[in-house]
Amino acid sequence: MTPQNAAERMVYRAMVYTWPLYAVGALYVVGPVLAWVLGGMAALALYLGPAMRADLRATGSVPPLVWCWFIGMFVMLVALWVGHLDWGLGLKQTIKSSIGWAKGWALLALFPLVGAVLPIRRSLLIRGQCVIGAWTLALAPLLLIAPYIGLPERIFTSPLKAVGGPGPEYFSVFLFTYDPASWTPRWQFYAPWSPFAALLGVVMVLFALEEKDRKWMLAGVGAGILMILASKSRMGLVGLVACTIAPRMMPLLLKGWAWHVTATLTASLAVLGTALVALAKDAVATFKGARADSTRVRETLQRIAYERWQNEAVWFGHGTIHPGSHAVEYMPIGSHHTWYGLLFVKGLVGFAALLVPMVWHTCFAMLDAARHPRGRLPMGILMTIVLLSFGENLEIEAYMLWPGLTLLGVHLREVARDIEGEPDVQPEQ
């Protein structure tokens with residue numbers, strides 16, 4: 001898999017060197033830098049048109065969905081400014097938060113732009129994820145045995161933390177961590193914490209399932225499943241099942257016999273409905289009970305964030321997260337949930353700024369997945385992002401989701417060129 005232009009070289013090398021970059025604590029820096037450099041390259045390609053060097057010319061105009069993402073993220077920035085102004089947070093804090101926006105929310109628009117405009121192949125992104133998987137499998141024996149041979153949890157924290165970020169864990173190199181509830185080891189691989197590693201494992205499996213080379217495919221799938229299991233994340237297990245199966249079921253929506261089967265199953269609920277509801281309630285209770293302390297903290301955080309949003313700052317939020325008390329183990333109010341976090345920090349305006357492009361893009365991917373196999377991967381990625389949003393804050397994790405975000409842009413380009421009846425700019429290899 002040989003990159004064919006400067007954009008592909010930057011993307012592919014950033015992916016295949018994920019573990020070395022993690023080893024020096026540089027991943028949080030690389031993601032935003034890559035977004036703005038490639039975003040600038042895409043803007044330059046659009047501006048210069050035919051005057052741009054041939055291998056980096058824009059592959060088409062900016063899709064409407066990408067414009068929607070840009071508008072939504074700009075509204076997010078405006079909500080941030082108004083929130084800071086309302087609560088008198090000062091110019092220094094406003095500048096700091098705006099830089100945080102540029103390293104977080106802005107990436108949700110920049111990477112789809114990059115994928116939609118620059119000539120980056122889908123197959124290159126897929127292979128890159130599988131290479132990360134091969135690295136992961138090669139390092140797995142050391143990581144898995146580390147807690148049992150007396151190796152430390154944290155190796156070191158990179159001096160790069162001086163650039164600023166959500167916390168030192170984004171610049172730290174871990175072999176493993178101990179779960180404070182059970183004092184058993186959990187692994188987070190190259191992510192800042194274990195639950196996020198599990199969702200990155202789901203993304204890796206989704207990419208690997210599209211790989212045509214069987215050896216690379218097995219490496220990606222194996223590494224992704226290992227990340228999900230070793231992280232001991234409930235959300236990862238849900239994502240592994242739902243995000244891989246649902247996109248492949250979408251073509252059934254266009255089959256008449258599938259609707260007949262669905263109608264039959266729906267009718268059978270009159271007899272089996274009560275038993276299924278009871279079974280579902282038991283499953284949910286078991287799911288929450290698997291990590292009862294974590295569930296309690298998350299639910300308390302969400303309740304406090306919702307009540308304070310509703311009573312104190314409905315439209316533009318509080319401008320920033322607030323320190324939490326002992327009741328939530330000192331976790332910040334506005335964290336651990338994208339949607340409650342948005343209501344608390346950026347209010348109803350910020351909430352809508354993410355909801356509109358997210359719903360539109362998800363529906364677009366679902367529709368294409370029902371019609372064409374190319375829609376399966378983007379739909380799976382969007383399902384994973386939606387799932388992630390209910391347990392994490394998307395903006396501080398976008399720096400690791402960038403291959404998936406870029407693929408969403410590539411998919412928009414593929415659909416646009418299919419509608420125009422033109423072949424893609426570069427053949428798959």
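Evaluate the stretch 203-218: report whether one residue or more is touching a strand residue (DSSP E or B) at 6+ places or on another chain (Cβ under 9 Å) and either within 21 Å of M383 (Cβ to Cβ) or open to solvent by less than 30 Å² (accessible area, probe 1.4 Å) (or both). Reasoning before the result, please.
So in the stretch 203-218, the residues touching a strand residue (DSSP E or B) at 6+ places or on another chain (Cβ under 9 Å) come out as none.
No; the residues of the stretch 203-218 include none that is touching a strand residue (DSSP E or B) at 6+ places or on another chain (Cβ under 9 Å) and either within 21 Å of M383 (Cβ to Cβ) or open to solvent by less than 30 Å² (accessible area, probe 1.4 Å) (or both).
Of all the residues that make up the stretch 173-198, how many are crowded, with 18+ Cβ neighbours inside 10 Å, closer than 30 Å to S97 by Cβ and in contact with a strand residue (DSSP E or B) (Cβ under 7 Å, 6 or more places away or on another chain)?
Selection size over the stretch 173-198: 3.
Just give me the residues in the stretch 70-123 being outside any helix (DSSP H, G or I), small (G, A, S) and under 27 Å from H361 (Cα atoms), in sequence order.
If we filter the stretch 70-123 for residues that are outside any helix (DSSP H, G or I), which is where we start, we get 87-89, 104-106, 118-121.
From the residues that got through so far, the ones that are small (G, A, S) too are 88, 104, 106.
G104, A106, listed by residue number.
Examine the stretch 146-168 for a residue that is modelled with pLDDT under 95, in contact with a strand residue (DSSP E or B) (Cβ under 7 Å, 6 or more places away or on another chain), open to solvent by 20 Å² or more (accessible area, probe 1.4 Å) and of a type in the set (A, V, I, L, M, F, W, C), and state whether such a residue exists.
yes
Considering the stretch 303-316 alone, what residues qualify as being of a type outside the set (S, T, Y) and surrounded by fewer than 17 Cβ atoms within 10 Å (Cβ to Cβ)?
Here is the first cut: in the stretch 303-316, the residues of a type outside the set (S, T, Y) are 303-305, 307-316.
Answer for the stretch 303-316, where residues must be of a type outside the set (S, T, Y) and surrounded by fewer than 17 Cβ atoms within 10 Å (Cβ to Cβ): R303, E307, Q310, N311, E312, V314, W315.
Tell me, which residue of the stretch 74-123 that is of a type in the set (K, R) and under 22 Å from the mean Cα position of the chain (by Cα) is nearest to L354 (Cα to Cα)? So that I can check it myself, show each step before the final result.
Initial filter on the stretch 74-123 (of a type in the set (K, R)): 92, 96, 103, 121-122.
Next, from what is left, pick out any that are under 22 Å from the mean Cα position of the chain (by Cα): 103, 121-122.
Details: K103: 16, R121: 27, R122: 25 Å.
In this case the residue turns out to be K103.
Does T300 count as over 24 Å from D86 (Cβ atoms), open to solvent by less than 60 Å² (accessible area, probe 1.4 Å), at pLDDT 75 or above and not in a loop (DSSP other than H, G, I, E, B)?
Criteria met by T300.
Is the stretch 6-24 home to any residue that is modelled with pLDDT of 95 or more and outside any helix (DSSP H, G or I)?
Scanning the stretch 6-24 turns up at least one residue that is modelled with pLDDT of 95 or more and outside any helix (DSSP H, G or I).
Looking at L89, L48, which is the one that is more than 20 Å from W105 (Cβ to Cβ) and open to solvent by 20 Å² or more (accessible area, probe 1.4 Å)?
L48
Given (1) at pLDDT 95 or above; (2) over 21 Å from the mean Cα position of the chain (by Cα); (3) surrounded by fewer than 16 Cβ atoms within 10 Å (Cβ to Cβ); (4) not charged (D, E, K, R), where does I71 come up short, assuming only one miss?
Among (1) at pLDDT 95 or above; (2) over 21 Å from the mean Cα position of the chain (by Cα); (3) surrounded by fewer than 16 Cβ atoms within 10 Å (Cβ to Cβ); (4) not charged (D, E, K, R), the lone unmet condition for I71 is (2).
The values are calculated or read from the model by the stated rules, or taken from the named source; none is laboratory data. What you see is a predicted model, and the numbers here were worked out from it, not measured in a lab. Neighbour counts are summed over all protein chains in view; Cβ atoms, including those assigned to glycine, are modelled from backbone coordinates with ideal geometry. Remember, those area values only see protein heavy atoms, side chains included, never the ligands or the DNA or RNA. Shrake-Rupley method; radii C 1.70, N 1.55, O 1.52, S 1.80 Å.
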